[in-house]
């Protein structure tokens, strides 16, 4: 009886284990590939798609190498950045406040900070007189603009932007950042000082000190979230939706605060247990921290890109392996949509709107629209913004446009007759192939594009 019960228990555990394994395998297959065929727009589906695309993009890009390069650029820009910050801080009378905040951030590295402050004072003194006026300003601008340019290039690579800002836009935008950001940091420091000192004295309540401390902690998180959200929205040379930037900013800002706490804790640990090498170990510790900060910043850019563009990767593997016949059918369908909307005097749609209104994969729509534009079947209506977001209209007389004409133009587009002796060696094959193609086009010429049935879509 006991043996029977033991066998029953083992069978039950085996069944449960097999069930768990089966569900795990099914979920993995769905999360890794099947989710891109799921057209539902639930938050669970979008979350899985975002994580899937983020991981795939992370594995296909060298974010570690980019983080190392940005760490090197940031290391070069530390002294000029501090010089710019303290130069503006002197104008507001907050130089001592900035020093105290840096001391509070790095409590075990006062000697290293004093050395850095001496560098800054020397830099500012030399940049204010003689030949160093020009040299100092040029070096400051070069280091800061070079850092910002590399950050933009990394973000553009994540967003798959082929063309960055023009040189004029880089200079104007970067100079605005270099002037506005220090002012905001100084104003934030002044606000923190006001809340931590003045308000404590004004409020007579015993709990006011604790409340203000908690408020300052929350404010630091909020400011960090706003900073990263603004970076994700403004730095890439692309249209970034605010909601996606805010989402990524909150995640990365929280991770940054945690990483900052770990960094401060690590400093105290080094100072306590390694009195001999504590000061020296600050440098590699800071480099590791800076690299991790850049890495999570770039990962946040991936999350922002993925969450905004998950629709472009639906049916991605299927589109890459699409058959010629199926692709031809989709081409004719998209051409018919554009032409019939034109005839019916409905508002023209861009690629994204066609994808959404007619339930077609955006990646495939984009490919086909560009192909139709290349053979002069459709054209973009002039409008501000990115090319693919321009509304589409027919580039030919739609009354005489047939299915055969569409097939013919796409069939003959591209390079041909480049293989030596191919026409002579395979003359019979070429003749039969051309005959079949001509027969198909002749038959398709009997059908006008605007006569095809297209589902109604109000948009």
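The values are calculated or read from the model by the stated rules, or taken from the named source; none is laboratory data. As the structure is a computational prediction, the values presented were derived from the model and not from experiment. Neighbour counts are summed over all protein chains in view; Cβ atoms, including those assigned to glycine, are modelled from backbone coordinates with ideal geometry.
What number of residues within the range 405-432 are assigned to a helix (DSSP H, G or I) and within 46 Å of the chain's Cα centre (by Cα)? Within the range 405-432, residues that are assigned to a helix (DSSP H, G or I) and within 46 Å of the chain's Cα centre (by Cα) number 7.
The set of residues from the range 289-321 being modelled with pLDDT of 85 or more and surrounded by fewer than 16 Cβ atoms within 10 Å (Cβ to Cβ) comprises just one member, 321.
Being surrounded by 10 or more Cβ atoms within 10 Å (Cβ to Cβ) and in contact with a helix residue (DSSP H, G or I) (Cβ under 7 Å, 6 or more places away or on another chain) holds for only one residue in 368, 429, and it is 368.
Kindly check whether there is at least one residue in the range 345-360 that is surrounded by fewer than 18 Cβ atoms within 10 Å (Cβ to Cβ) and more than 28 Å from residue 243 (Cα to Cα). Yes: the range 345-360 contains one or more residues that are surrounded by fewer than 18 Cβ atoms within 10 Å (Cβ to Cβ) and more than 28 Å from residue 243 (Cα to Cα).
Quick one: would you say residue 348 is farther than 26 Å from residue 443 by Cβ and touching a helix residue (DSSP H, G or I) at 6+ places or on another chain (Cβ under 7 Å)?
Here the answer is yes, as residue 348 does meet what is asked.
Considering every residue within the range 377-399, establish whether at least one is without any contact (Cβ under 8 Å) to a residue 12 or more places away in the chain and outside any loop (DSSP other than H, G, I, E, B). The answer is yes, given that some residue of the range 377-399 is without any contact (Cβ under 8 Å) to a residue 12 or more places away in the chain and outside any loop (DSSP other than H, G, I, E, B).
In the range 157-170, is there at least one residue being in a helix (DSSP H, G or I), modelled with pLDDT of 70 or more and within 30 Å of residue 36 (Cα to Cα)? Yes: one or more hits.
Tell me, yes or no, whether the range 259-267 has at least one residue that is under 21 Å from residue 47 (Cα atoms), modelled with pLDDT of 70 or more and surrounded by fewer than 16 Cβ atoms within 10 Å (Cβ to Cβ). No, because not a single residue in the range 259-267 is under 21 Å from residue 47 (Cα atoms), modelled with pLDDT of 70 or more and surrounded by fewer than 16 Cβ atoms within 10 Å (Cβ to Cβ).
Of all residues in the range 59-97, those satisfying the criterion of being surrounded by 17 or more Cβ atoms within 10 Å (Cβ to Cβ) and at pLDDT 80 or above are 63, 66, 67, 70, 71, 73, 74.
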